[in-house]
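Here's the structure, in structure tokens; my notes come after.
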Amino acid sequence: MSWQGWAAIGFWIAAMALNVQVANRHGAARWARVFVPTLFGITLLVLWQGLVRGLAVSPVILPAPTDIAARLAGSLPLLWGDFSQTILKGALSGYVIGCGAAVLTAIAVDRFPFLQRGLLPVGNFVAALPIVGIAPILVMWFGFDWQSKAAVVVVMVFFPVLVNMVAGLAATDPLQRDLMRTYSASYRDTLLKLRLPAAMPFLFNGLKIATTLALIGAIVAEFFGSPTRGMGFRIATAVGQLDLPLVWAEIAVAALAGSGFFGLMTLAEKAVTFWHPSQRGR
């Protein structure tokens, strides 16, 4: 192994020691909660770069981070087109439709209990279907454009959000519901003023889970049929051409998009459920 590999290992040891000290001494500070994961991520990239160069790993097996960054910077128009096709059209539209339908269905299940006995088992069955099985069917039904990817995303995100929302609507205290009845509150008033606010922490748990599922569903669905653009299509074709830096560039864009999407949901959760005990001290 060359000096680059040993230098990367040395940097990794020093950075880990610094991270341990900062976490032990200043773990509660806000700057430390940002500094520790940031340094950890930089350390992984430096170690990756050093070991790939130091061990002379072939770019076909594992490209170095600098090669991936150069490929990403040189392919911004291509990556933006793939991002728009997969994330903005397929994943985001399917996410909105699937989560919105799940919330409305959960309210219907809460209002009419017989639906809970009939609908939830069916939903559990649909959620257990493998994506590689339903994606080709939905592509045949809705075509090769983003609509079929949105349909796959709807199927993937619907049930997790439905289950969490149903649990949230049932989470209110019986005494609170009795109090609303003593006030002669209608079901609509009880739903809007008591049960929906109490269900928000549960709903956001489902929404955050669905962010990851939406991205996975949209990308995997493109392996089964897509126009000549899209992240899944580009990954499949780039692997066939042994263009691994482009594959990793697409993966990096997907990871950044997923992290940003999850972060937006977290910020929305803090704004909506600021009163909940789970948000104290954050």
- Message: In the chain, if the dipole is taken from +1 on Lys/Arg beta carbons and -1 on Asp/Glu beta carbons about the Cα centre, which of I216, G5, V96 is farthest to the positive end?
- Response: V96
- Note on the structure: Among the range 63-104, those whose backbone N falls under 17 Å of a label point 7 Å along Cα→Cβ from I251 are 63-73
- Query: Dipole of the range 187-245, Cα-centred, from +1 at each Lys and Arg C-beta and -1 at each Asp and Glu C-beta, to the nearest 20 debye?
  - Reply: 320
- First measure r as the distance between the Cβ atoms of A70 and I9, then evaluate 1/(1 + (r/R0)^6) with R0 = 25 Å and state the FRET efficiency to the nearest 0.05. 0.55
- Percent carbon-and-sulfur accessible area, the range 26-176, ignoring ligands, DNA and RNA, probe 1.4 Å: 76
- Item | Point-to-point label distance, I42-R111, nm (Cα→Cβ direction, 7 Å offset) | 5.5
- In Å and whole numbers, how far do the C-alpha atoms of the range 190-231 stretch along each principal axis, longest first? 50, 15, 13
- Just one of (1) 24.6, 76; (2) 18.4, 64; (3) 23.4, 78 is Rg and Dmax of the Cα atoms in Å as worked out from the coordinates here. Which one is it? (3)
- Message: How much length would be gained if the chain were fully extended between T228 and M16, taking 0.36 nm per residue of separation minus their Cα-Cα distance, in nm to one decimal?
- Response: 72.0 nm
- Query: Hey, what D do you get for the range 3-57 in µm²/s if you plug the Kirkwood alpha-carbon radius into Stokes-Einstein at 4 °C and 1.567 mPa s?
  - Reply: 111
- Across T266, T211, T86, the residue with the highest GNM fluctuation in the chain (Cα network, 10 Å cutoff) is T266
- Item | Mean ellipticity per residue at 222 nm, deg cm²/dmol - from DSSP H runs of n ≥ 4 across the chain, formula -39500 (n - 2.57) | -25500 deg cm²/dmol
- Item | Efficiency of FRET from Cβ geometry, L88 and S259, R₀ 22 Å, rounded to 0.05 | 0.85
- Message: I want to check the label-to-label distance for V132 and H26. Put each point 7 Å from Cα in the C-beta direction and report it in nm to one decimal.
- Response: 4.7
- Message: Given Cβ point charges of +1 (Lys, Arg) and -1 (Asp, Glu) and nothing else, what value in debye, to the nearest 20, does the dipole of the range 72-272 about its Cα centre take?
- Response: 520
- Message: Projecting each Cα onto the charge dipole of the chain (Lys/Arg +1, Asp/Glu -1 at the beta carbon, about the Cα centre), which of T273, L256, L138 comes out farthest on the positive side?
- Response: T273
- Name the long-range amide H neighbours of G230: under 5 Å, sequence gap of 5 or more, or other chain; modelled H, no Pro or chain starts. D82
- Residue-by-residue Karplus 3J(HN,Hα) for the range 210-226, coefficients 6.51, -1.76, 1.60, Hz, glycine and proline x: 5, 4, 5, 4, 5, 5, 4, x, 5, 6, 5, 4, 6, 5, 9, x, 6
- Task: Measure off 7 Å from each Cα along the Cα-to-Cβ vector at K193 and V96, then give the distance between these two points in nanometres to one decimal.
- Result: 3.2
- Message: In Å², and per residue, what accessible area does the chain have when probed at 1.4 Å with the other protein chains present?
- Response: 54
- Note on the structure: Carbon/sulfur accessible area of the range 182-271, % of total, 1.4 Å probe, equals 70
- Task: Could you compute the FRET efficiency for S2 and R181, with r as their C-beta to C-beta distance and R0 at 45 Å, rounded to 0.05?
- Result: 0.05
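The values are calculated or read from the model by the stated rules, or taken from the named source; none is laboratory data. Since the structure is predicted, the reported quantities are computational estimates derived from the model, not experimental observations. Using ideal geometry, Cβ is built from the backbone for each residue, glycine included, and neighbour counts are taken over all protein chains shown. Quick note on the areas: whole protein, heavy atoms, side chains included, nothing else; ligands and nucleic acids left out. Shrake-Rupley method; radii C 1.70, N 1.55, O 1.52, S 1.80 Å.
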